[in-house]
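Every number here is computed from the coordinates shown, using simple stated rules; none is lab data. Only a predicted model underlies this, so the values are computations on that prediction, with no experimental measurement involved. Here the Cβ is made from the backbone with ideal geometry for all residues, glycine too, and neighbour counts use every protein chain on show.
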Amino acid sequence: MRNPVTSMIGNTWKYAKGHRGMLILYFLLSVAGNVVILFEPYVFGRILSVIQEGGENLLHQVVVYLIILAALPGGYWMFLGVSRVLEQMTAFRIQGNYDKSAMEALFGLPVEWHRSHHSGKNIDKFQRAGRSLYEFSSDSFMLVQIVVMLIGAFVMLFFVKFYIGIVAALVAVVAFTVVILFDVVLTKQYKKLNTYYNKIAAVAFDYLSNVFTVLTMRFEGSATKEYLRRFYELFALFKKNRILNECKWASVTFLITVMTLGVVAYEIISAVQTGEVILVGTLYTIYAYMDRIGHEFYQFAWRYSDIVRFDAALASAENIFKDYDRLGRKEIAAAPKKWREIKVEGMHFTYEDEKKVKHQIKDINLTIARGEKIAFVGESGCGKSTVLGLLRGIFKASRGKVIVDGALMPKGLYHLAEISTLMPQEPEIFENTIRYNVAMGLSVSSAKIEKYLKLARFYKVLAKLPAGLETNIAEKGVNLSGGEKQRLALARGLLASETSDILLMDEPTSSVDMHNERAIFEGIFREFSDKTVIATVHRLSLLPMFDRVYYFESGRLVRVEG
């Protein structure tokens with residue numbers, strides 16, 4: 001069975017890579033601080049005992065103990081203050097490392113995986129998990145405090161009176177067992193709740209990412225109603241979870257209270273019956289350490305519930321990493337250099353669309369010469385876009401050979417992935433500036449960005465925008481048409497293609513008017529005369545511009561011209 005505490009500690013260590021020295025340092029400082037403050041009840045108990053016993057050096061002894069008592073908090077914060085700062089800094093980096101790993105895994109998974117796993121759920125999963133890891137690691141000092149204080153309090157009680165230490169240890173074991181038994185059930189509930197939360201996030205993502213459709217179709221009421229329906233589906237489980245959690249708290253509190261009062265009462269009654277003097281200092285020390293055990297155990301029970309919840313969030317995101325290990329692209333294939341001709345023979349691929357209907361790409365043979373301009377033609381659904389995806393490595397062909405200048409490539413289409421850039425038909429525009437939408441946050445000169453915007457025939461639109469390249473798409477009054485969005489996305493693709501030998505264009509101008517579309521292709525062919533361009537074409541009037549035309553029908557290549 002998975003242990004939440006060891007799981008969270010293990011993941012903290014795993015994602016602290018590069019900063020583990022800092023983690024060890026703040027851990028040791030935290031231990032030192034808690035050891036210092038551990039002696040506070042003992043010192044105060046000694047003051048009470050010295051006062052009760054009297055003696056010639058009473059004042060001197062009291063002053064010495066008071067100075068020590070005053071110094072303890074200072075020593076505690078000297079260690080803990082530095083530890084906490086280092087802890088927060090390390091926790092921030094731990095979350096960054098986790099988020100990086102999650103993003104890399106998501107980007108490394110094949111498109112087929114993404115089609116069957118909702119993006120909204122994936123975002124919610126890894127963000128919830130990353131935040132949970134941060135919250136655990138940023139407050140790990142509490143675990144250190146609990147462990148040091150519990151062990152230290154037991155040791156001090158053994159030192160004061162051995163039997164009290166035994167009683168405290170036994171009660172602690174019973175209380176710990178109670179917490180574990182409750183949390184076995186609570187853990188299952190947390191996992192179910194996380195699944196519900198993922199579904200709720202997916203609904204919100206769907207409606208808000210398609211807000212234009214919701215508003216134009218007057219679906220606001222229905223969207224809100226559906227969101228609330230999903231939200232309140234988890235109420236019964238949430239209620240049961242909260243009641244069970246509070247029962248756990250009550251049980252722990254009852255056990256600790258009985259232990260503390262029972263031991264103190266026994267000490268007083270025993271002293272009265274035997275006629276011994278009741279040393280107030282000793283009694284206080286016993287009570288204080290018993291109370292501290294109770295407090296720290298209560299803290300542990302509270303913290304353990306959080307840890308269970310944090311670990312459940314991490315567990316819910318583990319399928320991303322497991323699927324990446326199983327399905328992620330691991331093939332590393334050298335890209336061909338200074339090639340003249342590429343042949344693809346017997347390429348085959350079977351896939352399901354969004355409606356679970358099976359499609360096949362069967363025995364596709366292609367000849368691709370350097371600098372050649374190639375058109376793919378065929379009805380919608382005939383396999384043109386899928387073939388482009390296979391060439392780019394977005395999909396994994398079940399079979400097929402790749403021959404470069406007469407040499408068989410051992411890893412097939414993987415060799416082409418690094419020299420190809422695919423420009424999709426659907427323009428994905430980011431709620432950011434024009435500059436960001438083209439350069440994607442990379443350091444690219446304004447002149448180069450404007451060059452590709454001009455090549456994509458976006459320059460007239462750019463001239464009308466209030467802040468030029470710095471205009472934010474999300475700003476009021478900035479409304480781009482479908483064709484304008486497609487041209488903006490095309491500029492991004494052209495910039496990304498600078499270092500590629502092969503440009504794969506999946507109808508990236510389908511929403512552009514005929515005049516601009518022809519001008520765009522002429523500009524691309526002129527600018528990238530040394531590169532191979534393979535484009536799916538829906539306007540047959542453009543075909544004379546291409547050197548070779550492949551005709552597709554029902555997943556097969558039926559004719560080649562040129």
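Structural remarks
- Sparsely packed loop sites in the stretch 441-508 (the trypsin sites (Lys or Arg not before Pro) outside DSSP H, G, I, E and B with at most 16 other Cβ atoms within 10 Å) comprise Lys476.
- Mean residue ellipticity (222 nm) of the chain, computed from DSSP H runs ≥ 4 via -39,500 (n - 2.57), nearest 500: -22000 deg cm²/dmol
- Compared with the alpha-carbon gap, the fully stretched path from Asn479 to Tyr232 is longer by 85.2 nm at 0.36 nm per residue.
- Over the chain, relative contact order from alpha-carbon pairs under 8 Å, at least 6 apart, %: 15 percent
- Among the GluC sites (Glu not before Pro) in the stretch 429-528, those located in a DSSP loop and surrounded by at most 14 other Cβ atoms within 10 Å of their own Cβ are Glu431, Glu475.
- Proximity of backbone amide H atoms, modeled 1.01 Å from N, is registered between Ala535 and Ile374, Ala375, Phe376, Met505 at under 5 Å, excluding neighbours fewer than 5 places apart on the same chain.
- Arg539 paired with Phe525, simple spin-label distance in nm, labels 7 Å along Cα-to-beta-carbon: 1.3 nm
- Inter-probe distance in nm under a simple model that places probes 7 Å from Cα toward Cβ, at Arg242 and Arg326: 3.7 nm
- Size of electric dipole in the chain: Cβ of Lys, Arg +1 and of Asp, Glu -1, about Cα centre, debye, nearest 20: 1500 debye
- On the basis of the beta-carbon distance and an R0 of 41 Å, Ala369 and Leu208 show a calculated FRET efficiency of 0.30.
- Phi-based couplings in Hz for the stretch 292-300 (Karplus 6.51, -1.76, 1.60; Gly and Pro marked x): 5, 4, x, 4, 5, 5, 5, 4, 5
- For the stretch 4-320, the fraction of C-alpha pairs farther apart than 37 angstrom is 35 percent.
- Within straight-line reach of Lys384, meaning a Cα separation under 24 Å, sit the following lysines at least 8 residues removed in sequence or on another chain: Lys343, Lys355, Lys356, Lys358, Lys362, Lys373, Lys396, Lys401, Lys411, Lys485, Lys531.
- Theoretical FRET efficiency, 1/(1+(r/R0)^6), r = Cβ-Cβ of Glu561 and Glu426, R0 25 Å, to 0.05: 0.30
- Based on the convex hull around the alpha carbon atoms, the stretch 341-561 presents an average projected area of 12.7 nm².
- Taking all Cα-Cα distances within the stretch 1-139, those exceeding 22 Å account for 58%.
- Stretching the chain fully between Val63 and Asp513 yields a gain of 152.8 nm (0.36 nm per residue, less the alpha carbon separation).
- Integer Hz, Karplus 6.51/-1.76/1.60 couplings in order for the stretch 124-136, x for Gly and Pro: 5, 4, 6, 6, 5, 5, x, 5, 4, 5, 5, 5, 5
- Of all lysines in the structure, the ones whose alpha carbon falls short of 26 Å from that of Lys248, not counting any fewer than 8 places away in one chain, are Lys188, Lys191, Lys192, Lys239, Lys240.
- Degrees, to the nearest 10: 4-15 long Cα axis against longest axis of the chain: 50 degrees
- In terms of overall dimensions, the C-alpha atoms belonging to the chain reach 114, 54, 46 Å along their principal axes, ordered largest to smallest.
- Long-range HN-HN contacts of Asn432 with modeled amide H, under 5 Å: Ile473, Ala474
- Here Lys17 is the anchor, and the lysines within straight C-alpha reach of less than 16 Å, apart from those fewer than 8 places off in the same chain, are Lys100.
- Spacing of the modelled spin labels on Gln127 and Thr253, each 7 Å from Cα toward Cβ, amounts to 3.6 nm.
- Here the stretch 1-68 and the stretch 126-159 have alpha carbon centers that stand 13 Å from each other.
- Cβ-based charge dipole, the stretch 27-174, positive-most Cα from Ile151, Met89, Ile37: Met89
- In the stretch 181-254, a dipole from Cβ-located charges (positive for Lys and Arg, negative for Asp and Glu) runs towards its positive end, and of Ala236, Phe219, Phe182 it is Phe182 whose Cα lies farthest in that direction.
- Contour minus Cα-Cα distance for Lys161 and Leu408 (0.36 nm per residue): 80.7 nm
- The angle between the Cα long axis of helix 140-160 and the main principal axis of the chain comes to about 20°, on a 0 to 90 degree scale.
- Relative contact order (percent, whole number), the stretch 4-320, Cα cutoff 8 Å, 6+ residue spacing: 31 percent
- For the chain, the longest principal axis of the alpha carbon atoms and the long axis of helix 318-327 meet at an angle near 40°.
- Rounded Å value of the spacing that divides the Cα centres of the stretch 188-259 and the stretch 393-446: 39 Å
- Counting all C-alpha pairs of the stretch 381-471, share separated by more than 15 Å (%): 70 percent
- Taking θ as phi - 60° and the Karplus parameters 6.51, -1.76 and 1.60, the scalar couplings of the stretch 180-188 work out to 4, 4, 4, 6, 4, 6, 4, 4, 4 Hz in sequence order, x denoting glycine and proline.
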